[in-house]
Structure formats: C-alpha cells, structure tokens
Amino acid sequence: MTSALFVVSEEGYWAEECIEPLTTLESEGVDVTVATPSGSPPVVDERSLDPEAAGGEERVAELREVDEEHPELNDPEPIATVDADGYDAVVFPGGHGTVWDVNQDRHARQLLLDAVAGEESVALVVCHAVGILGFTREADGTPLVEGRSVTGFPNDWEDGIVDDHDVMPDGRKLPYWVEDEVRLAGAEWDAELDADTSVTVDGDLITARGPGSSAAAAATLLDEL
C-alpha cells in the first residue's frame, strides 16, 4: 500500500494545507501517518478556521471535524521515531507555527533530506513549511534547495500580516521570513504571484505556495506517486 508521512506543527498548522492533502490521499487509498516534534497532537491555527479564510461555515465544520476526530492527527508519532524510508511521500503542511518548531527541528530536516534523496519517495512542502529549506543541508554543507526551483509563502503576503517589528496579530515575534531564508540558501524562487495557484516540482521536491494551492498540491503529489 502507498504510504505518506505528514509532519505537522504543534505551534499552529493551517487547516486547509494539512487536511486537504491528507483527506485527498486517504480517499485514494494512501495510508497516512502523522508525526509532530514531540508526539503531542498538532494544534490548528484558529485563523485558518475563520469562515472567510476557509471558504464558508460548511467548510469550517468539515475541517474542524477532521482536526478533532481524525485518529492519526490525534495520536501522532514523535518525529524522532519515524524514518522516511518507510514512506512513499513525506508531507510538510504549512502554517506560521512551522516557523517555530518543524522548520527548526533537526529530525524533520533529516526526514526531508531522506525523502528527497530516496529513489522511491517524494516530499511535498507547503507554505510556511517551505522555510525548512532554508535550514536543510546535505552532509557536505550544501543547502538542499541550492539551485532548485521552489515556490512558497511570499514576502508580499507576509508584509500584510506582521507589523513593522515583525510581530504577528497574536503577539508572537516572527523570527524570519520564509522567502528571505530560502533565497539565501540558493533557491530559484518564484511564488507566481499573478497565478491563482502555485505548485512547483523539481525532481523529488514539490513545493506549494499557500492555502489556495493545497488542492493542486495534493493532486500533483498523487500524480508523482
């Protein structure tokens, strides 16, 4: 059976970016496992469950039901105990929370390295989780993303969320901007701001821009699998 590992933030994942790929893969018979940095259930960013952000009250109810009742989301594995070799795909959903935990987790970065290096596996990285590419390096120190084409959460969008001191509406200080870090690591960055969706495939690395690209990202991942 085809299998996928979802690496999800405990600091705030974006509902659409996790649940859309997760339920899409499961509907096609893919076996899904969820992992978080400590093994505690991931925490959904409540902003992603605002009807305006999610696409209406009915969609919010669907997303919240999955968040609250999905067996894997509510009983995840610790990242340090899972191995990318056991999965056909490793998926990194976005959300600002990834900036503080998943993107900075050495075990998460190793999962990404192994998924991209594996002959049979692929990685999908979405939105703010794309920031992990700014910190993931090969054994010789070369950034994993150097020279690769990627998309992700753009500075133009971040600028509309944080204040002049990079403080978010919930009071947390954003430590870095995704686009800045990934560009500095040598990526060929294009968030395709004029397009409705943005999904980029470069070898075994798939990146997606944000919530509106979640369905396209899921479809692209299925095609790659």
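With point charges of +1 on the Cβ of Lys and Arg and -1 on the Cβ of Asp and Glu, referenced to the Cα centre of segment 1-99, which listed residue (99, 12, 33) lies farthest in the positive direction of the dipole?
Final value for the positive-end residue is 99.
Helix-only mean residue ellipticity at 222 nm, the chain, DSSP H runs n ≥ 4 weighted -39,500 (n - 2.57), per residue, nearest 500. What is it?
-8000 deg cm²/dmol
Take segment 151-225, drop everything but the C-alpha atoms, weight them equally and run the Debye formula without solvent; then report log10 I(q)/I(0) at 0.25 Å⁻¹ to two decimals.
-1.15
Karplus couplings for segment 59-65 from phi (6.51 cos²θ - 1.76 cosθ + 1.60, θ = phi - 60°), rounded to Hz, Gly and Pro as x?
5, 4, 4, 5, 5, 5, 4
Once you keep just the Cα pairs under 8 angstrom separated by 6 or more residues, what percentage relative contact order results for segment 3-224?
Relative contact order of segment 3-224: 21 percent.
Let's test the formula: R0 of 35 Å, r as the Cβ-Cβ distance of residue 104 and residue 196. What FRET efficiency results, to the nearest 0.05?
That gives a FRET efficiency of 0.65.
Which label marks the calculated value of Kirkwood radius over Cα pairs in Å, given the options [x] 17.6; [y] 17.1; [z] 19.7?
[y]
Roughly how big is the chain's charge dipole about its Cα centre, with Cβ charges of +1 (Lys, Arg) and -1 (Asp, Glu), in debye to the nearest 20?
Roughly 560 debye for the chain.
With r as the distance between the Cβ atoms of residue 52 and residue 26 and R0 = 22 Å, compute the FRET efficiency 1/(1 + (r/R0)^6) and round to 0.05.
Taking R0 as 22 Å, the efficiency between residue 26 and residue 52 is 0.25.
Take residue 188 and residue 74, extend 7 Å from each Cα along the Cα→Cβ direction, and tell me the distance between the two endpoints in nm.
If labels sit at residue 188 and residue 74, their model points lie 4.5 nm apart.
A short reminder: the numbers here are calculations on the coordinates, not readings from a lab. Computed from a prediction, not measured in an experiment: that's the story for all the values here. Cβ atoms come from the backbone with ideal geometry, glycine included; neighbour counts cover every protein chain shown.
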